[in-house]
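Have a look at the structure below before the remarks.
The values are calculated or read from the model by the stated rules, or taken from the named source; none is laboratory data. Quick caveat, the model's predicted, so the values are computed rather than measured. Note that each Cβ is placed from the backbone with ideal geometry, even for glycine, and that neighbours are counted across all protein chains shown. The accessibility values were calculated without ligands, DNA or RNA, using every heavy atom of the protein model including side chains. Shrake-Rupley method; radii C 1.70, N 1.55, O 1.52, S 1.80 Å.
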Amino acid sequence: MRGGPGRLLGAAARLRWLHQILGGALLMPYFLLASVGVGMAAGGANALSSLPLSLAAYAAALPLAAATGMYGLVRPLSVTAVRAMCAVPGERLAEGPARSWSARGRAAAWWTLHLGVGALVSGMTLAVPPMAVVLIVLPFVSGLREVRLGFGWFHSGVETYTAPLLGVGLLAALALCAGGAGELLARLAPVLLGPTAADRLAAAEERAAELAVRNRLARELHDAVGHALSAVTLQAAAARRMLERDPGFVREALTAIEDTTRRTVGELDAVLGLLREEAPARPDGPDVHAPLPAPTLAADLDGLLARARASGTPLTAYQDPGPLRDWSRLPEITSREAYRIVQEGLSNALRHGAGPVDLRIRVRAGHDTAPRELEITMTNPPAPPGAGQTRTTGGRGLRGSAERAALLGGSVEAGPHGGRWRLRAVLPLAGDDR
């Protein structure tokens, strides 16, 4: 039924017709209120008993509907009804309350149009079918000819038998009007209820915030689990090699494996809890900068270095808090991200490097207007060619470290330097000592 009859009588047309009747029902409170005012203005007359006064009340009800249509929640209510009953694709309609006065004005225009057209179609739907039925059966029920129906020329003769044609014509006209009005409303819905520039910008910002949160969680999973697997693999391999020669080293390696796995399970459980939305949700959406449960440079660096040494690779660490005097005076977010950067650097050095690792962490005092900086430098000999440990700079870990530094306004560099592999991160610090 894709042709004319289908467009007038199909499922979509019937739903649109019902949508218009709903609009007429919603206009009724405005109409009754306006009829009281019109009646008082007409000297106390009953506006519902007079067609001119009823039309005046209808005209007065539309501005009242337009005024209430400026309320922000009118748009989501209208969008819900249009999606369910007007066969309008959802992506062409806006989400959520109107955010600007322009959007409110468009929503009010739609609200007024829907209620105004719906009232007319509803009135026709109530009046036309009974009249059409009477006209259709008039030739076959003689008693109806004596009833004063306002059709004085349907008394006898040929005129009586033209009444059914008129009745069918009235029903067809009603279907045509309802179908045309439904088509008009469906075409205007995306124009008046579609997303504005502010809506598109808000949706883009929300999407960007969601992606930022997902990227943060991905970095946490990669750094925690990836480092743990690398460390446990190297520690187990070192323990196997030293099993007969150095039982003390083996015990130390197994203790490090146990500690690494226990800590990683805790971190993994915390991140998965966020993914399962077990943490309290923010009412205004995701918070990109909300703290994640993660180790910090101040509290967990010594344990990280001890577990790295348990893999058998020599590690030299030089720490200089400088003017801060203690790592606990670092801002919390800087301490977290610095720990992850050191962790990722150690993972790469243990996986891909060959030989001792030199780690230097220091705070450089600023001068003039330059802020203080936390500098992390890690160097180690690269693996020899053909050793199966080819170093690349395009891994997720290094990219994640660069993203962590960028969030704080810093930078990360990684690559060959003076015959060694070097990872260097610089994170700006606030000018105070907390």
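Exactly one of these conditions fails for residue 144: (1) modelled with pLDDT of 70 or more; (2) of a type outside the set (Asp, Glu); (3) buried (at least 16 other Cβ atoms within 10 Å of the Cβ). Give me its number.
(1)
Quick one: how many residues across the stretch 302-322 are open to solvent by 40 Å² or more (accessible area, probe 1.4 Å), assigned to a helix (DSSP H, G or I) and either modelled with pLDDT under 80 or not small (Gly, Ala, Ser) (or both)?
2
Report yes if residue 109 is over 24 Å from residue 123 (Cα atoms), part of a helix (DSSP H, G or I) and either in contact with a Leu (Cβ under 9 Å, 6 or more places away or on another chain) or among the small types (Gly, Ala, Ser) (or both), otherwise no. Let's see the steps before the verdict.
Numbers: over 24 Å from residue 123 (Cα atoms): no; part of a helix (DSSP H, G or I): yes; either in contact with a Leu (Cβ under 9 Å, 6 or more places away or on another chain) or among the small types (Gly, Ala, Ser) (or both): yes.
When the stated conditions are applied, residue 109 does not pass them.
This table checks each residue for (1) under 34 Å from the mean Cα position of the chain (by Cα); (2) at pLDDT below 80; (3) open to solvent by less than 20 Å² (accessible area, probe 1.4 Å); (4) hydrophobic (A, V, I, L, M, F, W, C).
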site	(1), (2), (3), (4)
168	no, no, no, yes
175	no, no, yes, yes
182	yes, no, yes, no
208	yes, yes, no, yes
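Check the stretch 213-222 and report whether any residue there is part of a helix (DSSP H, G or I), at pLDDT 70 or above, closer than 30 Å to residue 102 by Cα and touching an Asp or Glu at 6+ places or on another chain (Cβ under 8 Å).
Within the stretch 213-222 (the criterion being part of a helix (DSSP H, G or I), at pLDDT 70 or above, closer than 30 Å to residue 102 by Cα and touching an Asp or Glu at 6+ places or on another chain (Cβ under 8 Å)), the answer is no, since none of the residues qualifies.
Going residue by residue through the stretch 386-394, is there one that turns out to be out of contact with any Lys or Arg (no Cβ under 6 Å at 6 or more places or on another chain), surrounded by fewer than 21 Cβ atoms within 10 Å (Cβ to Cβ), modelled with pLDDT of 65 or more and on the phi < 0 side of the Ramachandran plot? Break it down stepwise before answering.
Going through the stretch 386-394, the residues out of contact with any Lys or Arg (no Cβ under 6 Å at 6 or more places or on another chain) turn out to be 386-394.
Going one step further and asking which of them are surrounded by fewer than 21 Cβ atoms within 10 Å (Cβ to Cβ), we end up with 386-394.
With modelled with pLDDT of 65 or more added as a condition, the list becomes none.
No, the stretch 386-394 contains no residue that is out of contact with any Lys or Arg (no Cβ under 6 Å at 6 or more places or on another chain), surrounded by fewer than 21 Cβ atoms within 10 Å (Cβ to Cβ), modelled with pLDDT of 65 or more and on the phi < 0 side of the Ramachandran plot.
Mind counting the residues in the stretch 37-62 that are surrounded by 12 or more Cβ atoms within 10 Å (Cβ to Cβ) and in a helix (DSSP H, G or I)?
16
For the list (1) modelled with pLDDT of 80 or more; (2) among the β-branched types (Val, Ile, Thr); (3) touching a helix residue (DSSP H, G or I) at 6+ places or on another chain (Cβ under 7 Å), I need the number of the one condition that residue 264 fails.
Unmet condition: (1).
Please go through the stretch 66-115 and give me each residue that is open to solvent by less than 50 Å² (accessible area, probe 1.4 Å), β-branched (Val, Ile, Thr) and over 23 Å from the mean Cα position of the chain (by Cα), ordered by number.
112
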